[in-house]
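Participant: Here it is, the structure, as structure tokens.
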Amino acid sequence: KAKRQGRNTYQWYTDELNRKVAERVNLRHALQYAIEQSQFELHYQPQIHGPSSRVTGVEALIRWYHPERGNIPPGQFISLAEDTGQIMPISEWVLERACLDAVKLNANATTPVTMAVNISPMQFQRPGFLASIQQVLEKSGLAPELLELELTEGVLMDSTEHAIQTLKDLGSLGVHIALDDFGTGFSSLSYLKRLPINKLKIDRSFIRDVVNDSRDAAIVDGVVTMAAKLGLEVLIEGVETAEQYAYLNARHSTHFQGFYFARPMPLSAISTYLQESQHPHNDSEPHPT
Ligand code: C2E
Ligand code: MG
Ligand code: MG
Ligand code: MG
């Protein structure tokens, strides 16, 4: 009898669905350990203002180096962490690390560098969110204007009065709000009218074929035009090639981000990157004698 049960149990576990459940349980335990052991790191990807070619900001992107499994991308654990609530301690760590690093990056910068931080839906909707932002600004000493919160359309879709009030309060603090992955969600355009946001980040799915696909180009043109009339800034995500950048930069006075400029990199590397972008080596420049 016992043998049979064991066999049934075995079959139960080999079922594909249940294998996935087990994997999620494993990942959840690994994530718990990672939180306790601080296995996370932030990498930073530069954001470039097209017309001036200046680096005006960086986006903080979380990295998890698991001792045995190696690098586990955020796409594989952020949504799980959201389901389990583990996103809360992770998000708290991200915000603090990002703000402290932003202060460091701005200490030796000649132009201000904005720190863009991805905010999860649960994090945003929690009652203490506004207070946590005020706290981290105080603790780090970062100017509120240098903090930009990236929210996705999903967060704002079921936006209650509370969410709208939170956005207004953040705006009053001086903190900037960007709508991430714009165009991929299902939110109504009326949100753009109602919500106090500062920037649209056009999703990279519209950029991949923008040079050859006139429909993608039409969408990008339309969003940029609409945003300008609404007084919103625009950042075009996922620029991977010189051709894409030449094409887009000739048409739109926006911000850009993507592998063409740089991949996300550790703090020390982005620090060097910023210094070199602000003080480019130029041998044709006359040297003081
Ligand atoms: P996202 O906020 O839209 O971030 C941009 C993602 O696109 C990043 O992936 C970045 O590495 C990638 N990317 C940047 N330029 C290019 C490009 O030219 N081509 C392509 N193919 N990809 C590009 P990553 O780091 O894997 O992050 C994935 C997503 O995970 C993020 O999307 C964001 O939604 C989430 N995420 C990352 N870090 C955090 C975090 O600290 N907190 C929260 N809540 N979510 C985070
Ligand atoms: Mg983002
Ligand atoms: Mg995005
Ligand atoms: Mg995304």
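The values are calculated or read from the model by the stated rules, or taken from the named source; none is laboratory data. A quick note: this is a predicted structure, and the numbers were derived from the prediction, not measured. Positions of Cβ are backbone-derived with ideal geometry, glycine not excepted, and every protein chain shown enters the neighbour counts.
Participant: So is Leu95 away from ligand 3 (no atom under 16 Å from the Cβ) and farther than 15 Å from Ile35 by Cβ or not?
Facilitator: No, not satisfied.
Participant: Write out, first by first residue and then by second, each pair whose Cβ atoms fall under 9 Å of each other, whose residues are 6+ apart or on separate chains, and whose first residue, in the range 33-52, is in a loop (DSSP other than H, G, I, E, B) and surrounded by fewer than 16 Cβ atoms within 10 Å (Cβ to Cβ) while the second is at pLDDT 95 or above and not hydrophobic (A, V, I, L, M, F, W, C).
Facilitator: Pro51/Asn249; Pro51/Ser253; Pro51/Thr254
Participant: Right, something else. Determine if the range 195-207 includes at least one residue that is within 26 Å of Phe124 (Cα to Cα), away from ligand 2 (no atom under 16 Å from the Cβ), at pLDDT below 95 and surrounded by 12 or more Cβ atoms within 10 Å (Cβ to Cβ).
Facilitator: yes
Participant: If the requirement is being in contact (Cβ under 8 Å) with a residue 60 or more places away in the chain, surrounded by 17 or more Cβ atoms within 10 Å (Cβ to Cβ), hydrophobic (A, V, I, L, M, F, W, C) and within 30 Å of Leu167 (Cα to Cα), which of these qualifies: Phe182, Phe256?
Facilitator: Phe256
Participant: For the range 127-161, give me each residue that is without any contact (Cβ under 8 Å) to a residue 24 or more places away in the chain and closer than 18 Å to Lys193 by Cα.
Facilitator: Asp158, Thr160, Glu161
Participant: Return the pair list, or none, for Cβ contacts closer than 6 Å from residues in the range 259-276 that are surrounded by 14 or more Cβ atoms within 10 Å (Cβ to Cβ) to residues that are polar (S, T, N, Q), at least 6 apart or on different chains.
Facilitator: Qualifying pairs under 6 Å: Tyr260/Thr241; Pro264/Gln45.
Participant: Of these, Gly258, Gly238, which one is within 16 Å of ligand 2 (Cβ to nearest atom), under 17 Å from Gly50 (Cα atoms), among the small types (Gly, Ala, Ser) and in contact with a helix residue (DSSP H, G or I) (Cβ under 6 Å, 6 or more places away or on another chain)?
Facilitator: Result: Gly238 is the single residue among Gly258, Gly238 that is within 16 Å of ligand 2 (Cβ to nearest atom), under 17 Å from Gly50 (Cα atoms), among the small types (Gly, Ala, Ser) and in contact with a helix residue (DSSP H, G or I) (Cβ under 6 Å, 6 or more places away or on another chain).
Participant: For the range 133-145, give me each residue that is surrounded by 17 or more Cβ atoms within 10 Å (Cβ to Cβ) and either in a helix (DSSP H, G or I) or within 16 Å of ligand 2 (Cβ to nearest atom) (or both).
Facilitator: Ile133, Val136, Leu137, Ser140
Participant: Continuing with this model, one more query. Go through (1) within 27 Å of Glu41 (Cβ to Cβ); (2) within 16 Å of ligand 4 (Cβ to nearest atom) for Ile202 and report which single condition fails.
Facilitator: All conditions pass for Ile202, except number (1).
Participant: Give me the residue from the range 210-223 that is without any contact (Cβ under 8 Å) to a residue 12 or more places away in the chain and part of a loop (DSSP other than H, G, I, E, B) and, out of that set, farthest from ligand 4 (Cβ to nearest atom).
Facilitator: Filtering first and then ranking leaves Asn212.
Participant: Consider Ser172 against the criteria (1) at pLDDT 95 or above; (2) within 15 Å of ligand 3 (Cβ to nearest atom); (3) in a helix (DSSP H, G or I): it satisfies all of them except one. Which criterion is unmet?
Facilitator: Here Ser172 meets the rest and fails (2).
Participant: Would the range 58-81 turn up any residue that is buried (at least 16 other Cβ atoms within 10 Å of the Cβ) and part of a helix (DSSP H, G or I)?
Facilitator: The answer is yes; a qualifying residue exists.
Participant: Looking at Ile177, is it at pLDDT 95 or above, in a strand (DSSP E or B) and β-branched (Val, Ile, Thr)?
Facilitator: The answer is yes for Ile177.
Participant: Can you tell me how many residues within the range 224-283 are part of a helix (DSSP H, G or I) and β-branched (Val, Ile, Thr)?
Facilitator: Within the range 224-283, residues that are part of a helix (DSSP H, G or I) and β-branched (Val, Ile, Thr) number 4.
Participant: Continuing with this model, one more query. Yes or no: Met115 closer than 28 Å to Val234 by Cβ and outside any helix (DSSP H, G or I)?
Facilitator: Taking the combined requirement at face value, the residue satisfies it.
Participant: Next up: Does at least one position in the range 135-154 carry a residue that is hydrophobic (A, V, I, L, M, F, W, C), within 16 Å of ligand 4 (Cβ to nearest atom) and more than 15 Å from the chain's Cα centre (by Cα)?
Facilitator: no
Participant: Further, regarding this structure: Residues in the range 183-205: is at least one assigned to a helix (DSSP H, G or I) and within 16 Å of ligand 3 (Cβ to nearest atom)?
Facilitator: Yes, there is a match, as at least one residue in the range 183-205 is assigned to a helix (DSSP H, G or I) and within 16 Å of ligand 3 (Cβ to nearest atom).
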